[in-house]
Amino acid sequence: MLPADVANRHSCEKNLYVGACKLTLPMKQLWWAVYIIDTVLVIPFAIFFYESDQEKTVTQRVKNALLWVVILLTVFCLLLGILYAVIGYADFTMRSLSSTTMAFINDFSSLNAKASCLVSAGFSLFSNVTLMVSLFFYIFPFFIDLTTLCDSVQLICLDLWLKLSVTYVITLNTIIGSILFMMFGGVGMATLPLSLIFAFKNRPKCVITRAQYVKEATDLAKRSNELKTATLGLQREERGGKKGRMFRKNVKKVQQELVFLEDDVEALNEAFPQGEKTLTVLFYLAKLVFGIVGLALSIIWLLHIIVFMLVNPPAFPFLNQVFIQLDTVGGLLGTTTFAIFCYYLVMSVISGKMHLGMRLLFLSIHPMKYQGTLDPMWHENVIASGAQPSSAMDSSSWSADRPCRPWPWP
């Protein structure tokens, strides 16, 4: 898709013939189609396929995943249809102004800033009317400066019909992601830097002997056998049809203990025999550095939210102005800084998911580790991190077959 997009954009350059622009592929529509297919069909199918019981055959897992995808698609279509039928359109009134005419004059002193058009008897000028259309949890402002328009005022009724477009569908997809982004991102902005700093603080500070290593490994083996026994007991309960609240609670507890056991095994291997390796020491130093940098980024994001988003009107543009100034300094400095701040938000979402819980609705949250990350975790991060709001209104058409409502502005 990316090479095709670049090739189609370059086909409209000045050194090519004009007809090339008309023969290009509709890349914008193709990107929309790929995005919708991935978020509605491909990613949910992959999540349900890998989340299904591993003891089932591939055919059974495919059927189970397809069944869940069909259910999800049905709910999605019903939600889309109901919302479009209820809030798929919006009507509002506006004032139309037109100017009178007069013979050509040589003295333009009567036309000034206070009277920028020809005023007829019985009409008065007004300015700065703001029309607002509310749709799908978003507000779209339309600013009309009427100081340069003219004087004949009449009330007319305009009906704005919002056509069903792919951007409406994309907006529906991103609502869930936006909610998860706010929830996990807020938690992750605190847990991400602090977890890195505490990992450095709790690092292995000395190399243990072989006798100590054998003793610790024996204790870990006992814990492993206890977890295995508990897991076999849960499997017997599952086969017996016991899947109540207590069963799910015990499963979650076993999963958490398994994660803790894996962390302890990794820490033991770092203390012996890898404790003296240079990479191990540098790895923890890198965690400390990134933790401090992440803490600074979290504080900056918090300040930006306070001074630019919570205060109405915004007290100061802050990060917006910083990125603009850095971009004027030279090169891609502003763009690179902006990318770092955005990427940090994505990492905060992932960290928030890891610390907030082991299960989200019907999906399990698996830890992300080097050479130990399960496929469903990647798919869940794609959905939870892709929280970019989309405009629900792509195009509009006008009609006048609905009754007018009273003019809402003085």
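For the reader, a short list of remarks on this structure follows.
- Hits in region 286-297 - residues which are loosely packed, with under 14 Cβ neighbours inside 10 Å and under 11 Å from Ala199 (Cβ atoms): Ala286
- Test: residue in region 313-324 that is surrounded by fewer than 15 Cβ atoms within 10 Å (Cβ to Cβ), in the same structural domain as Lys228 (by TED's automatic domain parsing) and not in a helix (DSSP H, G or I): no
- For region 179-219, filtering for residues that are more than 27 Å from Leu288 (Cβ to Cβ) and not polar (S, T, N, Q) leaves 11.
The values are calculated or read from the model by the stated rules, or taken from the named source; none is laboratory data. Since we're looking at a predicted model, the values are computed, not measured. Quick reminder, even Gly has a Cβ in these numbers, built from the backbone with ideal geometry, and neighbours come from all protein chains shown.
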